[in-house]
Amino acid sequence: MFHTADPKDIKEGKITDIYFARTIEILKAKKADKWVKAEFITKNLPSGWTWGVLSGIEECVELLNNLKVSVRAMKEGTIFEPLQPVLELEGMYTEFGLYETALLGLICQASGIATKAARCKKLAGERLVISFGARRMHPILAPMIERSAYIGGCDGVAVAKSAELIGEEPMGTMPHALIIILGDTVEALKAFHEVIDPKIKRVALVDTFGDEKLESVRSAEALGRELYAVRLDTPASRRGNFLRILQEVRWELDLRGYKNVKLFVSGGIDEASIPGLNTLVDAYGIGTSISNAPVIDFAMDIVEVEGRPLAKRGKLSGSKRVLRCPSCYRYELLPLKDRKTPCPGLTGSGRPCGATYEDLLIPLMKEGRMFSKLPRPKAIRSYVLQQMRFFEVLT
Ligand code: PCP
């Protein structure tokens, strides 16, 4: 048996901090339940991040769809900033209070992963970024982790079940195990080429036994134009100046006419290493730094009771609108009842922007009835990449 919750446990409200269950008990016993609005915001983002990518909304819908609540939410994949409500629930508190723990868990981890993936993809530009991190986390979470990595911007995921969930083909190369068992890099590559479906890209792993540049040349000579790339997963003990190793591999391959063979790197890749490797690298396999991304510590807080703005210290009371200018991406936070004005921002040439703000926090469902169909992961990823044109990764 795995030490994990069953989806049924989550739907039945069993994944809840006990004090929420006791609060429900007290409110029911005292007939003191109230109609409330509760919002989910983060006051700060981890690691000096200035923006986050929202992920986990589809699972929140799965959890909320049998409850008598009205839900407003940002679309999954929306880039948000601190203090902006990304989700708001309205209804009798005892209808949804029990699910605070699970709802937070669904967006805190997923949004951290999606944001990290977006940061890595932004730094890598057009180069492939593949999610290799499922092995660092409990396998029961792998599909969620890799779905968030994909919608955040990764070009592919390694685990078959995750790929199924996002409707894409899984991506991978070959493990050291194949080379160790067959005893040689090129024997393993030839066996892969002989057995595996021709549509799968041929990537030789060149750091198992010998020097990467010699193994790369041997692999290129063995497969010629069939070889898509060589993967360097050089152990840290031998990595030294990794860029120099890549320069040597690139030089030796080009010298022999294998300019088509791409360079794929993995092992300890993080945002800090990407800019320095981009001059030579065509593809990144990123594991730990994405799957073990810091969580975004959202909190759920009541902001209205029986229609009256009321919130704890440190929180802004009342239901809100989150506006964003589609032209200059300026954000505005307003009380829900306030009317929006044209964007007061300035264009690059210093003229008033004046564009019409769009509402980011929009009605999603009422008592289980959805107002619109949820987008597929591919569409969410495109939405993230489109927004990412307006955001920088400050490292
Ligand atoms: C690892 C494997 C992972 C990579 C590294 C992720 O290599 O290829 O995909 O690394 P990261 O978590 O540091 O980003 P190995 O453990 O050498 O495994 P294998 O032989 O299976 O490729």
Accessible solvent surface per residue of the chain, calculated while the other protein chains remain in place, 1.4 angstrom probe, Å²: 49 Å²
Antiparallel DSSP beta bridges within the chain, as percent of all bridges there, nearest 5: 65 percent
Semi-axis lengths, Å, region 1-157, gyration tensor of Cα atoms, sqrt of 5 times eigenvalues: 32, 19, 12
SER148 accessible area, assembled protein chains, probe 1.4 Å, Å²: 0 Å²
Signed unit charges on C-beta, dipole axis of the chain, positive-most listed residue PHE298, THR101, CYS328: CYS328
Computed over region 276-395, Cα set: Rg, Dmax in Å: 19.3, 60
Ranking by accessible area, most exposed first, for HIS193, HIS3 with a 1.4 Å probe: HIS3, HIS193
Unit Cα scatterers, Debye sum, region 124-291: log10 I(q)/I(0) for q = 0.08, 0.20 Å⁻¹: -0.23, -1.40
The chain, relative contact order in percent, only Cα pairs under 8 angstrom and at least six apart counted: 22 percent
Filter on LYS68/LYS161; LYS8/LYS34; LYS8/LYS366; LYS116/LYS373 - keep pairs with C-alpha separation over 29 Å: LYS68/LYS161
Charge dipole (region 124-291, unit charges on Cβ, about Cα centre) - positive-most of LEU182, SER289, LEU205: SER289
Apportionment of accessible area to carbon and sulfur, the chain, percent (1.4 Å): 56 percent
19 Å Cα-Cα reach of LYS315 towards lysines, excluding residues that sit fewer than 8 places from it in its own chain: LYS37, LYS43, LYS337
Shape of region 189-276, Cα gyration tensor, a/c cut at 1.5: prolate
Cubic angstrom per residue, convex hull over Cα atoms of region 263-329: 180 Å³
Along principal axes, Cα extents of the chain, largest first, whole Å: 77, 62, 35
At least 18 Å along the helix axis (C-alpha) and Kyte average at least -0.5, DSSP helices within the chain: 100-124, 242-255
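The values are calculated or read from the model by the stated rules, or taken from the named source; none is laboratory data. For clarity, every value in this text was computed on a predicted model and none was experimentally measured. Methodologically, a virtual Cβ is constructed for each residue, glycine included, from the backbone with ideal geometry; neighbour enumeration extends over all protein chains shown. We work out accessible area using only protein heavy atoms, side chains counted, and drop any ligands, DNA or RNA first. Shrake-Rupley method; radii C 1.70, N 1.55, O 1.52, S 1.80 Å.
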